[in-house]
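The structure appears below as structure tokens.
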Amino acid sequence: MNQLNFASLFHASPNPYVVMSPTFVIVGANDAYLAVTGRALPDIVDRSMFDAFPSDDPANEVMLRASLDRVVQTQLRDELPLIRYGITLDTPEGKKFEERFWSATHTPLFDAEGKLKYVLQHTEDVTELQRLRMTSKGERAELSNRVLQRAESVQQRNQALHAESSQLRRLFAQAPGFIAVVRGPQHLFELANESFCRIVGRHDVVGRAAREVTPEVEGQGLFEIMDAVYASGEARLLQNQSVRLQRHAGMPLEERFIDIVYQPILEDDKTVSGIFIQGTDITEQRRAEIELTRHRDALEQLVTKRTEALRRSDADKLAMQAALLQSQKMEALGKLTGGVAHDFNNALQVIAGNLHLLRRGLAADEANLRRVTAALSGVDRGAKLASHLLAFARKQPLQPVALNVGRLLRDLDDMLRRALGETIELETVVAGGVWNTLVDRNFLENALLNLAINARDAMEGQGKLTIESGNASLDDTYALGHSEVSAGQYVMIAISDTGCGMTEDIVQKVFEPFFTTKPEGRGTGLGLSMVYGFVKQSGGHLKVYSEPGHGTTVRMYLPRSFEVEVPAEPLALVPSIGGTETILVVEDDAQVRETVVELLSELGYKVLKAPDAASALAVVESGVPIDLLFTDVVMPGSLRSPELARRAKQVQPGIEVLFTSGYTENAIVHGGRLDPGVSLLSKPYPREELARKVRHILSNRQHADGLQEEVRQFVAEKLAGDSESGNMASLRVLVVEDNAAALASTLELIEYLGHRPTGVASAELALQALAEASFDVLMTDLSLPGLSGQALAQQAIGLQPGMRVVFASGMAQPDVHIPRALWLAKPFNSDDIASVLQSVRQPAADSTG
């Protein structure tokens, strides 16, 4: 028998048909459809139905679209018994709509895999019938009226059925248990609610086979049960069924517990066409039962030893009460010391500022100069004292970086041996594969030094100190017994001594500020309190084990970090310089304010002042040009300093902001870290540090403004990029600059000069770029967030030895100890860049670095 030619049948059919994609793009139509719509096939193919046949009434288009949407959503046939939908006709007066009435049926067409591929529209033009209803009389009018009424009735019933279907689908989607319907021997998903998609970890299940949706279930017995239900027509109920699912891509299998029913779907002839799946995820309930069983077993063991249990219960209760009291006491002490440190730092700032001003006038008076220098040393000691208090109160702004504790301990070995003396034996044990941790390097070094010195004093200068580091995991059981601990992975550092040890009551007090067992004059009692506050602020845990006559072990648990280690930076001394810009000083303490104003004025700056944020905002809004807003963080009044900074930038977008404080609270420090993009100068600060910080911020701003103007001039004059490059070959230049405007302008200028620049905003991103590509020149600022420019340059040369380094900075040139390094002073222009890149091409003997 010859095969039927379906294409010929399609076009020969007297019934109008059009075929659309699931997005309602026309892919074909038969001759009858083209005749009734007055269209040619090329005019409508590959066009949206609503583009090819626009409607003169949006409501009719909405009705048609709703019917097509229902077919796509339900994958079932949908009917429109009557719809008014005009057809555009070309007339001498232009395009006009001719009113038409239609009766349409929309049928889904599927591919071999059961996925929706096309939507078939069969439409009949019932315009004459509708007009007959409206204009004819007598029996024909009555007949047509009944026909149309039946059509409208059918349409109303369809709409009611659709509303009911939509409600049922909403209930289906929102059901608390998981529900799905699969069809055929391959168990193709026809329906699946949100709970089902959530438990299997994917939403693209409809139209896919069960073994494709959850391939990891193969071998766990569920597919075999579904096959058996489909073959036998008998329902199956599974309770407390364990199933391992991959709920997240790339993650290991996760065990879940479910109650599930497989109910066969029977057709009228009793054959099985599919399976209705309904179930509940009882994982949490099952785990609770397992935990309850574990506790019941533990309780039974406790019952057999109830005397011991009662004794331990009383002891645990007393220990918990003591721990709670200790925690409350430490919290109260933290609040007290934080407030004291704030006022103390303000007082120190007044003293330090005036001493610095006084010292500059005593160059010829050696006796008084020595006295002022001694007083400044006292201020430094006071600042360290305040720093320890803030560390204990967990209010010290930390600058954590990813570091390797094993490497840090090896670097500290010489310093610790000098601090301990020759009579103390020091042993350092570093386990293999120690994880990285995220902490402030300087605070961790100080903490280790404090613990080592404390151990030395406990051993009275004779004994053995052991420092160990390794990986540790604190589980839920441990966390339950220590309310301030979060279960997880930690890097552990243990410092053990062979000293006299401590009683339990002393162990409870060792971390309190000013508590010490040393004789008067041999300690402040702040070293261990600083360690305590630092570890807590870093998200860690501190545990002390001690017994009289058996020494002491202090264990620090610092959270594990998955970040790449940031090496220690070499120190570079940069001389301080002043400027002529305008600075607005906002400080509520009058003495501190006047001292700062005098220091900045002496450096050459124009200084405005305000006692609070509201007054400062009024100065900014007055229109006086301000280059830098230098504001205390903690001030009275309803307007807070961060909000002042934000509103000031709205009024004067070019203004820079520098915060200062002796006590940051949570205004600009969160999670122990400065907020991104925030510059802070902690009180008390010396004149040189103030000068360097202010100059760095203002120089970067001037540099960015100058570069942008240079770029504007290049664009205005339409200079060709190659005209400035001479005969030099194109250089690959990696630019590292944290100021976004300066970075963009620098890249444009280098590109105008005929070179190939790549820009990044941090040293860490620069190291990543260096690992992925080769460069001829590294152009970097010295002051960067995280790793410094000097430390970056040292690592970069190690990665690419032939590369030249250009330091770009607004500070005075320091001694950076980088071979053949070049210097580019900010603000620089295109001529400066061209000159320094020309120097890169000179032989090594010609280097000015």
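The values are calculated or read from the model by the stated rules, or taken from the named source; none is laboratory data. Since we're looking at a predicted model, the values are computed, not measured. Note that we place each Cβ from the backbone using ideal geometry, even for glycine, and neighbour counts take in every protein chain shown. All accessible areas refer to the heavy atoms of the entire protein, side chains included, with ligands and DNA or RNA removed. Shrake-Rupley method; radii C 1.70, N 1.55, O 1.52, S 1.80 Å.
Is it fair to say residue 462 is open to solvent by 50 Å² or more (accessible area, probe 1.4 Å) and closer than 23 Å to residue 419 by Cα? So residue 462 fits the description; yes. If you filter segment 417-428 down to residues that are part of a loop (DSSP other than H, G, I, E, B) and not acidic (Asp, Glu), you find that the one that is nearest to the chain's Cα centre (by Cα) is 421.
Name, by its number, the condition in (1) among the hydrophobic types (A, V, I, L, M, F, W, C); (2) in contact (Cβ under 8 Å) with a residue 12 or more places away in the chain; (3) over 22 Å from residue 701 (Cα atoms) that does not hold for residue 628. With respect to (1) among the hydrophobic types (A, V, I, L, M, F, W, C); (2) in contact (Cβ under 8 Å) with a residue 12 or more places away in the chain; (3) over 22 Å from residue 701 (Cα atoms), residue 628 is out only on (3). Annotation for segment 650-666: at least one member residue is within 29 Å of the chain's Cα centre (by Cα), modelled with pLDDT under 80 and of a type in the set (Val, Ile, Thr).
Contact map, segment 21-38: first residue touching a residue at least 24 places away in the same chain (Cβ under 8 Å), second residue acidic (Asp, Glu), Cβ cut-off under 8 Å, separation 6 or more or different chains; pairs are 25/46; 26/46; 27/46; 36/125. The set of residues in segment 486-530 being at pLDDT 80 or above and either of a type in the set (Ser, Thr, Tyr) or in contact with a Leu (Cβ under 6 Å, 6 or more places away or on another chain) (or both) consists of 486, 487, 490, 491, 495, 496, 497, 498, 503. Listed by position, the helices (runs of 4 or more DSSP H) enclosed by segment 8-94 that each have at least 3 residues that are touching a strand residue (DSSP E or B) at 6+ places or on another chain (Cβ under 7 Å) and open to solvent by less than 40 Å² (accessible area, probe 1.4 Å) are 31-37, 58-74.
Listed here are the residues, each with its yes/no results for (1) touching a strand residue (DSSP E or B) at 6+ places or on another chain (Cβ under 6 Å); (2) modelled with pLDDT under 85; (3) closer than 20 Å to residue 822 by Cβ.
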position: 715; (1), (2), (3): no, yes, no
position: 728; (1), (2), (3): no, yes, yes
position: 734; (1), (2), (3): yes, no, yes
position: 742; (1), (2), (3): no, yes, yes
position: 747; (1), (2), (3): yes, no, yes
position: 761; (1), (2), (3): no, yes, no
position: 780; (1), (2), (3): yes, no, yes
position: 789; (1), (2), (3): yes, yes, yes
position: 793; (1), (2), (3): yes, no, yes
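Among strands (runs of 3 or more DSSP E) entirely within segment 174-267, having at least 1 residues that are closer than 24 Å to residue 286 by Cα singles out 178-183, 236-245, 254-266.
So in segment 230-276, with the set limited to residues that are open to solvent by less than 50 Å² (accessible area, probe 1.4 Å), among the hydrophobic types (A, V, I, L, M, F, W, C) and under 19 Å from residue 212 (Cα atoms), which one is farthest from the chain's Cα centre (by Cα)? Selected residue: 275.
Conditions (1) part of a strand (DSSP E or B); (2) crowded, with 20+ Cβ neighbours inside 10 Å, marked per residue:
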| position | (1), (2) |
| --- | --- |
| 749 | no, yes |
| 757 | yes, yes |
| 765 | no, no |
| 771 | no, no |
| 780 | yes, yes |
| 784 | no, yes |
| 790 | no, yes |
| 793 | no, yes |
| 796 | no, yes |
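Taking the criterion of being free of Cβ contacts under 8 Å to residues at least 24 places away in the same chain and open to solvent by 40 Å² or more (accessible area, probe 1.4 Å), would at least one residue in segment 481-496 satisfy it? Yes, there is a match, as at least one residue in segment 481-496 is free of Cβ contacts under 8 Å to residues at least 24 places away in the same chain and open to solvent by 40 Å² or more (accessible area, probe 1.4 Å). For segment 429-443, filtering for residues that are at pLDDT 85 or above and either assigned to a helix (DSSP H, G or I) or buried (at least 16 other Cβ atoms within 10 Å of the Cβ) (or both) leaves 6. Filtered by the rule that a residue be more than 17 Å from residue 59 (Cα to Cα) and either open to solvent by less than 30 Å² (accessible area, probe 1.4 Å) or at pLDDT 85 or above (or both), segment 95-110 gives 105, 106, 107, 108, 109, 110. State yes or no: is residue 405 open to solvent by less than 20 Å² (accessible area, probe 1.4 Å), within 30 Å of residue 762 (Cβ to Cβ) and at pLDDT 80 or above? It is true that residue 405 is open to solvent by less than 20 Å² (accessible area, probe 1.4 Å), within 30 Å of residue 762 (Cβ to Cβ) and at pLDDT 80 or above. Candidates are the residues of segment 111-138 that are assigned to a loop (DSSP other than H, G, I, E, B) and at pLDDT below 75; the one that is surrounded by the fewest Cβ atoms within 10 Å (Cβ to Cβ) is 137. Residue pairs whose Cβ atoms lie under 7 Å apart, sitting 6 or more positions apart in sequence or on different chains, and linking a residue in segment 588-606 that is of a type in the set (Lys, Arg) to a partner that is open to solvent by less than 10 Å² (accessible area, probe 1.4 Å) and part of a helix (DSSP H, G or I), do not occur here.
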